[in-house]
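Everything on this sheet refers to the single structure shown next.
Only the coordinates and a few stated rules stand behind these numbers; no lab work does. Just so it is clear, the model here is predicted, and its values are computed rather than measured. Every residue, glycine as well, gets a Cβ built from its backbone with ideal geometry; the counts of neighbours run over all protein chains shown.
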């Protein structure tokens, strides 16, 4: 199967073998070694000297940890959203009782630093700002260095970054850009199975966490950090997934993080070129197109569910559809983690062959660009 | 390694092979089949006709889901605690702002139904009652059928059961006993890796969830159930762990759930006999001793950390120590999931040989029984 969704990603053989290893005691010395290696390697790739904890939950759980650990009920917070995952942060912050100001941008476009500047000038009470680095739903990468310059440099707000589908694949030097809390997810560029969220916390982040009063227990970052300092986790961790993450991290560092970033830039370039050469239309503003996932408009009159099923059944290619309001309007090609250039070509070729095969019905009410 | 902690448990070869399988799309038809099979088999083993969802989190996350989904801030709730895990439920309910009445029993003892009856008579405002079925920290199994008779039969309260280290190993017919929310964890008797919590919800449970106002998002049971009905999960799930759980469930049902229960009764009997024959003292009241984990007093003058390290280093036997206030006072032998009788004998023999080997220091300030 050519699995081309933006996570879970196909895992290379050494990772699958690691994932299938026998259980160990999560309160014993082998586990201390496991967690120490993972944490040290994550710090290297997050490019942070501060703390990194790994939680047993999906990326959404990691985002929730950032929300519930850094905010208090009623607290004003700015969420910069360029798609489904930014909106999700706003939704969960509201679920916990935060007073959320969402600064939204049109799907397919990155956040405009001027509008962010303007919003922060109007939001003097919002100490904490959430930003998505790479919006998986639209395949757009924000210019985080510039946004961080505004949020931190100009306004000195605390910066929380959803780096779920960026860190490990797209450069995101956490300390250099002044990110106080950064979240990633094991099923993205890390070549590991889903089920772990990795969260870095700066000293300013810890200071906010100390003040924050939203309820949390399972996702309590203090509890996680205290346990990590003893080579443990507060609760029984997802052992097999940790084995996979350890091996994925080894593969990334063997390749070299700069090479891994260059690889992802090449996957992005190649995919966008293949899509355009095939006469298909990119959904995302190309100046901010993501190097981990490419979004493509579903051609007018084509029913995505049928095209998707045909690509899967006749070409063994599995693509991701649009989410929320973008359902039926775009599809997404994941290219993060362990990717072979030929897989990207085969995926786009499969779409073209399905479209040319006259097998995809085009009723009048189909989603259009 | 003879891993004898009460989870994670050693996994049989077919489960490890399943865990190491390649990723699939969590929004595709193969995943629908995976989640449908797991859910159907869980319902069979929980013995429930109602809903069961599987969450990507440890057992503690499952308990938190039960707390945050069924209660509102300020709501009075009764938590019956016979050890660390009962206390943990009380602690997390307080963290979420519940008004908790803990009914505690001496470590090593089961909950006395008369005291529970008396407590509920005094707690007319507490609509919801939490009970641990099997307390992993002390190796005690509550007589849940009798307790459920009091809580549901006599007082008609909503019943939430921590069945993390019981369901799948010790009989716990959820519907027959009137359990409204039951929680288990994949790393216990299920022969799967840690990282999944399985939660059953009765119609009365759903009615309570509808009224409950504690904040939740990642662990929202409505969101989970709505996704499950479409053959999905709300967030990217722990795929490898789900593969393991599917295979573990197949092995349990191949063996037959009654046989699996009988196996665990035999493991419990055998372990207790081995411990007593070795001249060691059981910690738990034997009339309520658990069939998934046996607690043993650390002999007077013996330093548990040294005994534990020696058993690991010289006999390859990994045991669990005591938790919280019981640290240094007891150790625990896990016997749940995939267990060979010879492993239990080897584990107890290793302890005896270490104790007889004169290598374990016995300073004056050591923990005593």
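Compute the normalised compactness of segment B:7-151: alpha-carbon radius of gyration over 2.2 N^0.38 Å, N being the residue count.
Here the Cα radius of gyration is 1.26 times the empirical estimate.
Per Stokes-Einstein, at 10 °C and 1.306 mPa s, what whole-number D in µm² s⁻¹ belongs to chain A, with the Kirkwood radius over Cα pairs as the hydrodynamic radius?
The estimated diffusion coefficient comes to 76 µm²/s.
What gaps in nm, shortest first, separate residue B:13 from its twins in the other copies when you place the label 7 Å past Cα toward the beta carbon?
With the label placed 7 Å along Cα→Cβ, residue B:13 yields 2.0 nm.
Would segment B:81-185 count as rounded, prolate or oblate if I go by the C-alpha gyration tensor, calling it rounded below 1.5 in a/c and otherwise prolate when a/b exceeds b/c, oblate otherwise?
Rounded.
Return one number: the angle in degrees, 0 to 90 and rounded to the nearest 10, between the long axis of the Cα atoms of helix A:59-70 and the longest principal axis of the Cα atoms of chain A.
The angle comes out at about 30 degrees.
Under the classification rounded if a/c is under 1.5, otherwise prolate if a/b is larger than b/c and oblate if not, where does segment B:1-64 fall, given a ≥ b ≥ c as square roots of the Cα gyration tensor eigenvalues?
oblate
Report the relative contact order of segment A:257-356, percent, no decimals, based on alpha-carbon pairs under 8 angstrom and at least 6 residues apart.
30 percent
By how many degrees, 0 to 90 and rounded to 10, does the Cα axis of helix A:29-46 deviate from the longest principal axis of chain A?
Taking the Cα atoms of chain A, the angle to A:29-46 is about 70 degrees.
Mind sorting A:235, A:304 by how few other Cβ atoms lie within 10 Å of their own Cβ, fewest first?
In order of increasing Cβ crowding within 10 Å: A:304, A:235.
Report the relative contact order of segment B:61-169, percent, no decimals, based on alpha-carbon pairs under 8 angstrom and at least 6 residues apart.
Relative contact order of segment B:61-169: 27 percent.
Based on other C-beta atoms within 10 Å, arrange B:155, A:222, B:331 from fewest to most.
A:222, B:155, B:331
What angle, in degrees between 0 and 90 and rounded to the nearest 10, separates the Cα long axis of helix B:257-277 from the longest principal axis of the Cα atoms of chain B?
Orientation of helix B:257-277: about 30 degrees from the principal axis.
Among A:64, A:123, rank each residue by its count of other Cβ atoms within 10 Å, from fewest to most, as a rough exposure measure.
Fewest to most other Cβ atoms nearby, the residues stand as A:123, A:64.
Summing -39500 (n - 2.57) over the DSSP H runs of n ≥ 4 in chain B and dividing by its residue number, what mean residue ellipticity at 222 nm do you reach, to the nearest 500 deg cm²/dmol?
-12500 deg cm²/dmol
What distance in nm separates the simple spin-label points at residue A:13 and residue B:44, each placed 7 Å from Cα in the Cβ direction?
Between residue A:13 and residue B:44, the label points sit 3.5 nm apart.
Using only alpha carbon pairs under 8 Å that are at least six residues apart, calculate the relative contact order of chain B and give it in whole percent.
Value for chain B: 24 percent.
Rounded, prolate or oblate: which one fits segment A:57-108, using the alpha carbon gyration tensor with axes a ≥ b ≥ c (rounded when a/c is under 1.5, else prolate when a/b beats b/c, else oblate)?
In terms of gyration-tensor shape, oblate.
Kindly give Rg over Rh for segment B:161-245, based on alpha-carbon atoms, with the Kirkwood expression for the hydrodynamic radius.
Radius of gyration relative to Kirkwood radius: 0.97.
Taking the label point as lying 7 angstrom from Cα along the Cα-to-Cβ axis, what are the distances from residue A:257 to the corresponding position in the remaining copies, in ascending order and in nanometres?
With the label placed 7 Å along Cα→Cβ, residue A:257 yields 4.9 nm.
Select the chain B residue whose beta carbon lies nearest to the rotation axis carrying chain B onto chain A, and write the distance in whole Å.
Nearest Cβ to that rotation axis, in whole Å: B:20, 1.
Give me the one-decimal nm value for the distance between modelled label points at residue B:257 and residue B:281, 7 Å along each residue's Cα-to-Cβ direction.
3.9 nm
Just to confirm the numbers: residue A:340, label point 7 angstrom along the Cα-Cβ line, distances to the other copies in nm, shortest first?
3.9
In segment B:191-339, what is the volume of the convex hull around the alpha carbon atoms, normalised per residue and reported in Å³?
Normalising the Cα hull of segment B:191-339 by residue number yields 193 Å³.
Once the Cβ-Cβ distance between residue B:316 and residue B:227 is put in as r, and R0 is 35 Å, what FRET efficiency do you end up with, to the nearest 0.05?
It comes out at approximately 0.25.
Just the projected area, averaged over all directions, of the convex hull on the alpha carbon atoms of the protein assembly as shown: how many nm²?
If you wrap the Cα atoms of the protein assembly as shown in a convex hull and average its projections, you get 30.9 nm².
Between residue B:327 and residue A:32, what is the spin-label point distance in nm, taking each point 7 Å from the Cα along the Cα→C-beta axis?
1.4 nm
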